[in-house]
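Student: Okay, here's the structure, questions in a sec.
The values are calculated or read from the model by the stated rules, or taken from the named source; none is laboratory data. Everything numeric in this text was worked out from a predicted model, so none of it was measured. Cβ placement follows ideal geometry from the backbone for every residue including glycine, while neighbour counts extend to all protein chains displayed.
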Amino acid sequence: MFKSKQRVLVMIVATLATASAGCGVSDLASAASKLANGQIGALTASEIRSLSEAAIALLKSQDPNFALQPLNEAQAEALVNFLDVNEVETQQDLDALVANADTDPPVGLDELANAFGNVDPDNADPEDLEQVLEQAFGVN
């Protein structure tokens with residue numbers, strides 16, 4: 001099922017990258033390439049922000065009342081750091097991290113939660129991690 005989600009996401013991002021103008025286009029194109037190759041862990045903060053902005057713009061074009069905001073710089077940096085310290089390189093690594101969070105808590109969850117501000121780091125659990133990752137990457 002992930003392959004279908006990945007293909008759709010890559011097609012949307014690639015379309016937005018070629019149809020967009022201004023700064024961030026190269027980040028969006030680079031991010032699309034990395035996602036197409038399954039390289040989640042290679043995404044930079046700038047690329048993550050570009051993906052977030054493109055996804056939010058697309059969703060708002062479909063529903064003007066869509067309330068989610070794009071990631072800010074601190075959130076994108078926190079995601080990059082979180083993926084790095086947990087050695088997440090691929091979608092499978094990310095899925096395993098979430099699946100094993102109960103028995104093998106991820107490193108840096110408090111910092112990630114603090115960056116997003118909607119998760120209590122003292123009471124963070126795997127569901128909170130899934131929420132943050134879904135907001136950032138659209139995965140669950």
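Student: What are the pairs with Cβ atoms under 8 angstrom where one residue, in the range 46-72, is among the polar types (S, T, N, Q) and the other, located anywhere, is in a loop (DSSP other than H, G, I, E, B)? Sequence gap at least six, or different chains.
Tutor: Going by the 8 Å Cβ cut-off, the qualifying pairs are 46/24; 50/24; 52/70; 52/71.
Student: While we're looking at this one, here's another question. Got at least one residue in the range 4-24 being buried (at least 18 other Cβ atoms within 10 Å of the Cβ), at pLDDT 80 or above, part of a helix (DSSP H, G or I) and in contact with a Leu (Cβ under 9 Å, 6 or more places away or on another chain)?
Tutor: No: the range 4-24 contains no residue that is buried (at least 18 other Cβ atoms within 10 Å of the Cβ), at pLDDT 80 or above, part of a helix (DSSP H, G or I) and in contact with a Leu (Cβ under 9 Å, 6 or more places away or on another chain).
Student: Further question on the same structure: Can you pull out every residue in the range 35-54 that is within 17 Å of residue 80 (Cβ to Cβ) and surrounded by 18 or more Cβ atoms within 10 Å (Cβ to Cβ)?
Tutor: Within the range 35-54, 35, 40, 43, 45, 46, 47, 48, 49, 50, 51, 52, 53 meet the criteria.
Student: Further question: Answer with yes or no whether residue 115 is small (Gly, Ala, Ser), touching a helix residue (DSSP H, G or I) at 6+ places or on another chain (Cβ under 8 Å) and at pLDDT below 85.
Tutor: Criteria met by residue 115.
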